[in-house]
Amino acid sequence: MNILSPEALILDLQEILRKKYPRPHPVRQLLLTGRLTKEHLQAWVKNQFHEFRNIHRFFGVRYQKCPVPELRRALLENMVEEEGEDLFGGKYPSHAELWVRFAEGTGIPREEILNYVPLPGIRAALEMYVQLVQHSHWAVAIGTGLVFEGEGPKRMREEKESLERHYSWI
């Protein structure tokens, strides 16, 4: 049995996910091809916000569980980025605040997104992930995040390009 490097393991897990789920979620397919109505786009924005609003629930657990100082430092850096570099004199606010500003650009009032209750399936998915992180070995808790975070920049770039191309009203 070969032992994979951390980078190879992440790539291997991402490939498994791509094979199991070869196509994006149907809503994401519509987003990327410019076929969401304004109302549908706003619903997507509201439901995505649920993760940003709750990210501390699993990021903190990963940090707390991790016995490796170098990894803890990287996790802490990631948490600061999520919570906002402005807390420590940096330039950028939290990802949640950036998402609220994006929501406002789509026409959703700030108070509406801040008080939005997501669909039951969205809430359930987040709760299942929080439970996985809370009850898993530290390596699994951190590894699941690396697999999904590793896809994040590519996914966000695709979404940004699609929003600029198809939803110029934002």
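The values are calculated or read from the model by the stated rules, or taken from the named source; none is laboratory data. Bear in mind the structure is a predicted one, so any value in this text is a computation, not a measurement. For neighbour counting, all protein chains shown are included, and Cβ atoms are generated from backbone atoms with ideal geometry for every residue, glycine included. We work out accessible area using only protein heavy atoms, side chains counted, and drop any ligands, DNA or RNA first. Shrake-Rupley method; radii C 1.70, N 1.55, O 1.52, S 1.80 Å.
So which of Glu70, Glu111 is farther than 30 Å from Trp169 by Cβ, among the acidic types (Asp, Glu), assigned to a helix (DSSP H, G or I) and more than 17 Å from the chain's Cα centre (by Cα)?
Numbers: Glu111 fails: farther than 30 Å from Trp169 by Cβ.
Going through Glu70, Glu111 in turn, the sole match is Glu70.
Evaluate the following for Glu97: is it at pLDDT 95 or above and either open to solvent by 90 Å² or more (accessible area, probe 1.4 Å) or in contact with a strand residue (DSSP E or B) (Cβ under 7 Å, 6 or more places away or on another chain) (or both)? Taking the combined requirement at face value, the residue does not satisfy it. Is it the case, given these coordinates, that Arg62 is surrounded by 15 or more Cβ atoms within 10 Å (Cβ to Cβ), in contact with a helix residue (DSSP H, G or I) (Cβ under 8 Å, 6 or more places away or on another chain), without any contact (Cβ under 8 Å) to a residue 24 or more places away in the chain and farther than 27 Å from Tyr167 by Cα? No: the conditions fail for Arg62.
Among what's in the range 11-31 and is of a type in the set (A, V, I, L, M, F, W, C) and open to solvent by 40 Å² or more (accessible area, probe 1.4 Å), pick the residue that is modelled with the highest pLDDT. Before you say what the answer is, go through the steps one by one.
Going residue by residue through the range 11-31, those that are of a type in the set (A, V, I, L, M, F, W, C) are 11, 13, 16-17, 27, 30-31.
Subset that is open to solvent by 40 Å² or more (accessible area, probe 1.4 Å): 11, 13, 16-17, 27, 30.
Numbers: Leu11: 79, Leu13: 76, Ile16: 81, Leu17: 73, Val27: 92, Leu30: 96.
The residue in question is Leu30.
Tell me, which residue of the range 32-55 that is closer than 17 Å to Glu149 by Cβ and open to solvent by 50 Å² or more (accessible area, probe 1.4 Å) is farthest from the chain's Cα centre (by Cα)? Checking each candidate, the answer is Gln48. Out of Leu163, Leu126, which single residue is in a helix (DSSP H, G or I), open to solvent by less than 70 Å² (accessible area, probe 1.4 Å), of a type outside the set (Val, Ile, Thr) and in contact with a His (Cβ under 9 Å, 6 or more places away or on another chain)? Among Leu163, Leu126, only Leu126 is in a helix (DSSP H, G or I), open to solvent by less than 70 Å² (accessible area, probe 1.4 Å), of a type outside the set (Val, Ile, Thr) and in contact with a His (Cβ under 9 Å, 6 or more places away or on another chain).
Can you find a residue that is under 21 Å from Pro153 (Cα atoms), open to solvent by 40 Å² or more (accessible area, probe 1.4 Å), of a type outside the set (Val, Ile, Thr) and touching a residue at least 24 places away in the same chain (Cβ under 8 Å) anywhere in the range 65-74? Before the answer, list the steps.
Initially, the range 65-74 is screened for residues under 21 Å from Pro153 (Cα atoms), giving 71, 73-74.
So of that shortlist, the ones also open to solvent by 40 Å² or more (accessible area, probe 1.4 Å) come out as 71, 73-74.
Of the ones still in play, those that are also of a type outside the set (Val, Ile, Thr) are 71, 73-74.
Checking which are touching a residue at least 24 places away in the same chain (Cβ under 8 Å) leaves us with 71.
Looking through the range 65-74, at least one residue is under 21 Å from Pro153 (Cα atoms), open to solvent by 40 Å² or more (accessible area, probe 1.4 Å), of a type outside the set (Val, Ile, Thr) and touching a residue at least 24 places away in the same chain (Cβ under 8 Å).
Going by the conditions given, is Leu4 within 20 Å of His137 (Cβ to Cβ), open to solvent by 70 Å² or more (accessible area, probe 1.4 Å) and either hydrophobic (A, V, I, L, M, F, W, C) or not in a helix (DSSP H, G or I) (or both)? Step through it out loud before you land on a result.
Details: within 20 Å of His137 (Cβ to Cβ): yes; open to solvent by 70 Å² or more (accessible area, probe 1.4 Å): yes; either hydrophobic (A, V, I, L, M, F, W, C) or not in a helix (DSSP H, G or I) (or both): yes.
The answer is yes for Leu4.
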